[in-house]
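Single-structure report; data block below.
Each reported figure results from applying straightforward, stated rules to the coordinates on display, with no laboratory input. Computed from a predicted structure; not experimentally measured. No Cβ is skipped: glycine too gets one built from the backbone with ideal geometry, and neighbour counts run over all protein chains shown.
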Amino acid sequence: MNKKQLNTISNKLVNAFTKNKLIKPIPTKFCKNIKNSNLLRRTCESKIRWPIIGFKAGGTALPLLKKLKEKEPFYGSVYSKNLLRSGKRVKINQYVLGIELEVCYLIKKNFFLSKQKISKNNITKFITHMAPCLEIVGYRQRKKGVKYLGDLCSDFGANIKFLIGKKTKFKKINIGNLNTYVKNNKNKEITNGNTSAVYINPLNSLIFVLKKIKRDKINLNKNFYIFTGSTVGIVPFTNKGTYIGKIEKLGSVKTTVY
């Protein structure tokens, strides 16, 4: 990888990210190879000084991974500036891909001090709350569609905004089989889904991300969110207006795009 080009491309993406601008598409080699995509993402993130409030899993749908010939999802940082409360408005452009409905977890900061190997048997002691959330997915580039998983990964994980619903204290439920939907409140169009679409289940996705940030020796020294991936895929915006997402037993979350 040419370090000079990596630095140049990352500077362009960071400028677009921080100043809410659009740039021309980055070279394909940063997207086609997922290792290059992750390297670019990490380089970009190292240049951002905004507080990190959590991390997202991307590419968690097994059929999508198979189609794109990838073995696993990716993860990316989520910044405080990109987290909004349910009901807030979000401005979109033609390069926004759509909206996703996800399960998010609030994780105790003592996770970073734990020396235990992360597993389904011990992960629940680190979870304080759960909540439904919506992710607005899109690029900082003038391009459309997803040809490679690296398209999403390289561009800050393609997260534009996250909107979080009411948090509830964590309790053990069958998180791998909850009905979900995203509703366009203007034309009443509904896209149905299920939490089983998220990398087997959202808890499995959570463990995947936590293992990655532990491997990368990240320490926020505060409680943080993990956004586990879409239960309905990417739902394109058919028009502007209010979109409502609901996850069975967790509640609802909404946003108005304009």
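A few remarks follow.
- Ranking of ASP155, ASP216 by count of other Cβ atoms within 10 Å, fewest first: ASP216, ASP155
- The 3J(HN,Hα) values that the Karplus relation (6.51, -1.76, 1.60; θ = phi - 60°) gives for region 178-183 are, in residue order, 10, 6, 9, 7, 10, 10 Hz. Gly and Pro appear as x.
- Here's how it looks for PHE170: its modeled amide H is under 5 Å from those of HIS129, MET130, which are all 5 or more places away or on a different chain.
- For region 189-215 versus region 95-165, the gap between their alpha-carbon centres in whole angstrom: 9 Å
- Ranked SER154, SER196, criterion: other C-beta atoms within 10 Å, fewest first: SER196, SER154
- Counting every alpha-carbon pair across region 119-258, the share separated by more than 26 Å comes to 28%.
- Candidate cross-link partners of LYS217 among the lysines, defined by an alpha-carbon separation under 17 Å and a same-chain spacing of 8 or more, comprise LYS56, LYS108, LYS109, LYS115, LYS117.
- Share of pairwise Cα separations in region 99-143, more than 12 Å, in percent: 71 percent
- Value of relative contact order over region 3-257, rounded to a whole percent, pairs C-alpha under 8 Å and six or more apart: 28 percent
- Ordering 239-249, 222-232 by mean Cβ neighbour count within 10 Å, with the highest value first, yields 222-232, 239-249.
- Descending semi-axes in Å of the chain, equivalent ellipsoid built from Cα gyration tensor: 26, 23, 17
- Distance violations [Cα-Cα > 20 Å] among LYS91/LYS143; LYS69/LYS161; LYS4/LYS24; LYS66/LYS249; LYS47/LYS81: LYS69/LYS161; LYS66/LYS249
- Structure remark: mean-square fluctuation, Gaussian network model of the chain, C-alpha springs under 10 Å; the largest value among LYS161, LYS188, LYS144 belongs to LYS188.
- Order by protection proxy (mean Cβ within 10 Å, highest first), peptides 99-105, 9-15: 99-105, 9-15
- Amide H contacts for GLY54 (H built 1.01 Å from N in the peptide plane; partners 5 or more residues away or on another chain; cut-off under 5 Å): VAL78, TYR225.
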